[in-house]
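Below: one structure, written as structure tokens.
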Amino acid sequence: MQQMIEELATTAQGDMVINVGPQHPSTHGVLHLLITLNGETIKNVEPHLGYIHRSIEKMCESLSYRQFIYVTSRMDYLSSHINNHGCALCVEKAMQIEVPARAQVIRVLMDELTRLASHQLWWGALAMDVGALTPFFHAFREREMINDIMEETCGARLTMNYMVPGGVMFDLHPNFQKQVKAFITHFKGRFAEYDELVTGNIIFQNRMKGVGYLSKEDALSYGCSGPVARASGVSCDIRKWYPYEVYPQVQFTEVMETEGDCFARYMVRMKEMAQSLSIIEQLIDHIPEGEFQAKTKAVLKLPKGEFYSRIETARGDFGVYIVSEGGTTPYRIKFRSPGFSNLSALNHMAKGQKIGDLVAIMGTLDLVIPDIDR
Amino acid sequence: MLSLEHITNAVHQWLYGNLSEGWALFAEFVIIGVLAISLFSILGLVLIMMERKVSAYMQVRIGPNRVGKKGMLQTVADTLKLIVKEGLTPDGADKFLFNLAPFVVMVVAMVILAPIAFAKGFQIWDVNIGVLFVTAVSSVSVIGILMAGWASNNKYSLLGAMRSGAQIVSYELSAGLSILCIVVLTGSLRITDIIAAQENGWWLFKGHIPVIIAFVIFLIAVTAETNRAPFDLAEAESELTAGFHTEYSGMKFALFFLAEYVNVFIVCAIGATLFLGGWMPLHIGHWQGFNHVMDYIPSSVWFLGKTFFLIFVIMWFRWTFPRLRIDQLLNLEWKYLLPISMINLLLVTVIAIAGWHF
Amino acid sequence: MFLKQYISDVYQGVKSLLRGMRRTGYYFTHHKEIITQEYPDNRDTLVLAERFRGEVVMPHDENNEHACTGCTACELACPNATIKIVTRFDVTPEGKKKKAIDTFVYHLELCTMCNLCVEACPTSAIKMAPTFEHSVTDRSKLIKKLNRPGSKIREGVE
């Protein structure tokens, strides 16, 4: 037994093997990393998955097209709205349901609020990963306001299940516009503090700059998407490339950096927050009147065929692939989650870096483990 | 006015008057031991409470507020919990060293207390090499940490301990050099002499900019030496879970925890003694009236006030900054702090020889 | 030139650190910014959003009447088999048999508060209530019977 443990603990070259996780403060969940170390330097990182696998894809096969949407909130719980939205989009695409203009604007507003909330949590968690605990609480202060807005309109704070095929579940709460405007003014004031506390900090910049480099080619070959790929100079914003809902009508820029290091990923997300804020500002006063939900049949039946739709979540490209046999439940569902592909680049980025860098790289990848494992 | 000096002298004379010399000395040892242990427990309770409150306010929270009035008994409750908790020794650990390590760390912290002057004439041991004693003994604590890391038979602990070793050994240099600045200015290693030399003004104000630089370097170096954030690489909870004390639980963990805070107190007390005049009230040159008013505040209050101010500054560091990486930590020491403090020491020597200080 | 760069690096670094310390120092001294809510103490003033989904309830009016016809639309809409409706046949005064609910079983421990049952209900007999203190000491206490004893369906609801 003792001998077996020793064999497992060291490689043939005498390097140390450490199990990081599944219970570890910086893996943000139950990710298990098997890292091979030479002193402080990382030689290999091997992610082990499966600790939070709930077979959501299989589960969806026994649920109807109205029911399966709620399960996807449990995948990427930080952008559950956008996940639900992606599924609703796929069903609508298959059934050719026309979503009312009001519902489209509400969906985009909710998506951007979710993106903001997700990035705020990421910002706090990244700061915590590199050792500063205080920003976490400051980030949650702002996130709490978004959660309150969500609670008022959608009835839940994290797993909203607000999107239904053909629109949204309820109309906006009468307070919605007022609350969102209050949030925008509050957040604009606090955004400068984020820079003071973290972005400008010399220790933080040293921890981030030049760490975890991912070239444009590697980002493409690993299938990275979202802020991770955009920080390496890959233009991959689904909102620009395959626009859905009212995104073609709003003004926003696809944030890009070319350095490909942790700091670039950090800056992409920080600038994306500003972009999301600007999208919300553009739309909040121009919510059209009308229906919030298209008239649909009580039981949805997708025509026979294969359907795919993609959407930009806070972490990247989220794809929904439905194979329908014409019944009330899907024959097969596959989700393309952004976190899984982003995680696959971890080994490439972390090789030759220090343990502290591994934590920073994982922080900038913005991993949500249930999203990776499903 | 009631002075601690009178009490200690009275006790000393009473003991030596009533007991034989050997027994009197023994009785004094016992009294000092009891006092030191009770100081430790009180310090642990107060400092942990202070840290939690400081962090809470900086993080827009309230902090503990349930146990006792305004949560003041929270640390007492936590201590009780730690006492009744099982002290687990992992299978495969070096049991002797594993159990010894927390006590080594603790005893080292206790020994450094000896030359610190808590108030006028209230000092355990006024040794003539006081400053040297402090710097020498404080470097022993790294042995305790290395011992804990090695004996735990845990790779996280080992990494944490090795980091801690590299860190403490290098930061001791700049801490020592900045302490030397004051020794050069005073011309004595004895703590009493250093305090006495600051009667007409603290060294921080008397020694021009070089002493201020030395003070800043001292603060940074002792923060690193006590393994506090942003230099808490030995613990680094997001990287190494809990570093060298990952495997410790119950009271053994509490000893490490306590030793950290007591070490913070001690280094801050030394900083206050060297740069801010220890128990010496704020005196400005020859302003007799002002100096006289300041003397009315008891010397122990001055000492504790200065020490707690420095402790607050160190806590402020902790709750603001991200952690450094191990190579950046060593870069900071060898490329920035050490050259600066060496040049600084030269400048201070010039000032001391030329007598340019006030 | 090297020295100038070195000094400017140190200056910029220290400046950025002091800026961060000023921010935390501001929060340390400004206690008005504290956002903590002391939960059990503020229970009386705690107002949840009216749409907050805490559990499924079946509103009864003052005559102990509800609007549930026992159509089991909610049972079908539920993704988790949270709702189980046991029906019986009442005999109306005219001698006709009429379907009515006997027991509306609601498993709170299975519920994910997705609101699909409320959406599916044709007579608005059930709704979500903004309660959230659901902790109990035994799992069986989470299985709830939503229709009150002796209650019957409101007149005119089909």
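The values are calculated or read from the model by the stated rules, or taken from the named source; none is laboratory data. Remember, predicted model here, so these are calculated numbers, not experimental data. We place every Cβ from the backbone using ideal geometry, glycine too, and count neighbours over all the protein chains shown. Note: areas computed on protein heavy atoms with side chains; ligands, DNA, RNA excluded. Shrake-Rupley method; radii C 1.70, N 1.55, O 1.52, S 1.80 Å.
Total residues in segment B:224-273 satisfying the condition of being closer than 30 Å to B:G201 by Cα and of a type in the set (S, T, Y): the figure is 3.
Taking A:G131, is it crowded, with 19+ Cβ neighbours inside 10 Å, at positive phi and not in a helix (DSSP H, G or I)? Even if it seems obvious, please write down each step before you answer.
Values: crowded, with 19+ Cβ neighbours inside 10 Å: yes; at positive phi: yes; not in a helix (DSSP H, G or I): yes.
Judged against the criteria, A:G131 is a match.
Between a first residue in segment C:20-31 that is facing another protein chain (nearest Cβ under 8 Å) and surrounded by 14 or more Cβ atoms within 10 Å (Cβ to Cβ) and a second residue that is among the charged types (D, E, K, R) and part of a helix (DSSP H, G or I), which pairs have beta carbons less than 7 Å apart while being 6 or more apart in sequence or on different chains? That search, which allows pairs on different chains as well, returns C:G20/A:E196; C:R23/A:E193; C:R23/A:E196; C:Y27/C:E33.
Inside segment A:181-222, can you point out the residues that are among the hydroxyl-bearing types (S, T, Y) and either within 12 Å of chain C (Cβ to nearest Cβ) or in contact with a Lys or Arg (Cβ under 8 Å, 6 or more places away or on another chain) (or both)? Before the answer, list the steps.
Filtering segment A:181-222 down to residues among the hydroxyl-bearing types (S, T, Y) leaves A:185, A:194, A:199, A:213, A:215, A:221-222.
Correct list: A:Y194, A:T199.
Restricting attention to segment A:81-116, the residues that are open to solvent by 10 Å² or more (accessible area, probe 1.4 Å) and of a type in the set (G, A, S) total 1. You will find that of A:H138, A:H119, the residue that is at the interface with another protein chain (Cβ under 9 Å from one of its Cβ atoms) and either at pLDDT 85 or above or closer than 22 Å to A:E291 by Cα (or both) is A:H138 and no other.
The residues of segment A:202-249 that are of a type in the set (S, T, N, Q) and free of Cβ contacts under 8 Å to residues at least 40 places away in the same chain, listed by number, are A:N206, A:S221, A:S232, A:S235, A:Q249.
Can you tell me how many residues in segment A:283-317 are in contact with an Asp or Glu (Cβ under 7 Å, 6 or more places away or on another chain) and either assigned to a loop (DSSP other than H, G, I, E, B) or open to solvent by less than 20 Å² (accessible area, probe 1.4 Å) (or both)? Lay out the reasoning, then the answer.
Going through segment A:283-317, the residues in contact with an Asp or Glu (Cβ under 7 Å, 6 or more places away or on another chain) turn out to be A:292, A:294, A:304, A:310, A:312-313, A:315.
Still in the running and either assigned to a loop (DSSP other than H, G, I, E, B) or open to solvent by less than 20 Å² (accessible area, probe 1.4 Å) (or both): A:292, A:294, A:304, A:312-313, A:315.
Adding up the residues that qualify gives 6.
Tell me the helices (runs of 4 or more DSSP H) entirely within segment B:270-351 that contain at least 3 residues that are within 14 Å of another protein chain (Cβ to nearest Cβ).
On the way: elements: B:288-295, B:299-318, B:326-331.
Fully inside segment B:270-351 and qualifying: B:299-318, B:326-331.
Filtered by the rule that a residue be in contact (Cβ under 8 Å) with a residue 24 or more places away in the chain, part of a loop (DSSP other than H, G, I, E, B) and either among the aliphatic types (A, V, I, L, M) or open to solvent by 30 Å² or more (accessible area, probe 1.4 Å) (or both), segment C:70-87 gives C:C71, C:N80, C:A81.
Does segment B:98-115 include one or more residues that are part of a loop (DSSP other than H, G, I, E, B), closer than 30 Å to B:I195 by Cβ and aliphatic (A, V, I, L, M)? Yes, the conditions are met somewhere in segment B:98-115.
Residue selection: B:T241 fails the criterion of being modelled with pLDDT of 85 or more and within 14 Å of chain A (Cβ to nearest Cβ). The set of residues from segment B:42-58 being free of Cβ contacts under 8 Å to residues at least 60 places away in the same chain and of a type outside the set (A, V, I, L, M) comprises B:R52, B:K53, B:Y57.
Among the candidates A:T159, A:T72, which residue alone is modelled with pLDDT under 90, within 16 Å of the chain's Cα centre (by Cα) and open to solvent by 10 Å² or more (accessible area, probe 1.4 Å)? Explain how you work it out, then say what you get.
Details: A:T72 fails: open to solvent by 10 Å² or more (accessible area, probe 1.4 Å).
Exactly one residue qualifies, and that residue is A:T159.
Inclusion of A:M95 among residues that are out of contact with any Ser or Thr (no Cβ under 7 Å at 6 or more places or on another chain) and either within 14 Å of chain B (Cβ to nearest Cβ) or among the acidic types (D, E) (or both) is not warranted.
Picking from residues in segment B:59-95 that are within 10 Å of another protein chain (Cβ to nearest Cβ) and in contact (Cβ under 8 Å) with a residue 60 or more places away in the chain, the one that is least open to solvent (accessible area, probe 1.4 Å) is B:Q59. Note on segment A:223-266: residues that are assigned to a helix (DSSP H, G or I) and surrounded by 18 or more Cβ atoms within 10 Å (Cβ to Cβ) amount to 12.
So if I check each of B:W287, B:W302, B:W316, which one is in contact with a helix residue (DSSP H, G or I) (Cβ under 8 Å, 6 or more places away or on another chain) and open to solvent by 10 Å² or more (accessible area, probe 1.4 Å)?
Exactly one residue qualifies, and that residue is B:W316.
Can you work out which of the residues in segment A:347-363 that are small (G, A, S) and within 9 Å of chain B (Cβ to nearest Cβ) is farthest from A:I203 (Cα to Cα)?
In the first step, residues of segment A:347-363 are kept if they are small (G, A, S); the result is A:350, A:352, A:356, A:360, A:363.
Checking which are within 9 Å of chain B (Cβ to nearest Cβ) leaves us with A:356, A:360, A:363.
Working: A:G356: 13, A:A360: 13, A:G363: 16 Å.
Restricting to residues being small (G, A, S) and within 9 Å of chain B (Cβ to nearest Cβ), the top hit is A:G363.
If we scan segment A:354-369, do we find a residue that is surrounded by fewer than 24 Cβ atoms within 10 Å (Cβ to Cβ) and over 14 Å from the mean Cα position of the chain (by Cα)? Yes, segment A:354-369 has at least one match. Can B:F231 be described as outside any loop (DSSP other than H, G, I, E, B) and in contact (Cβ under 8 Å) with a residue 24 or more places away in the chain? Against the criterion (outside any loop (DSSP other than H, G, I, E, B) and in contact (Cβ under 8 Å) with a residue 24 or more places away in the chain), B:F231 does not qualify. Tallying residues that are hydrophobic (A, V, I, L, M, F, W, C), at pLDDT 85 or above and open to solvent by 10 Å² or more (accessible area, probe 1.4 Å) within segment B:167-178 yields 2.
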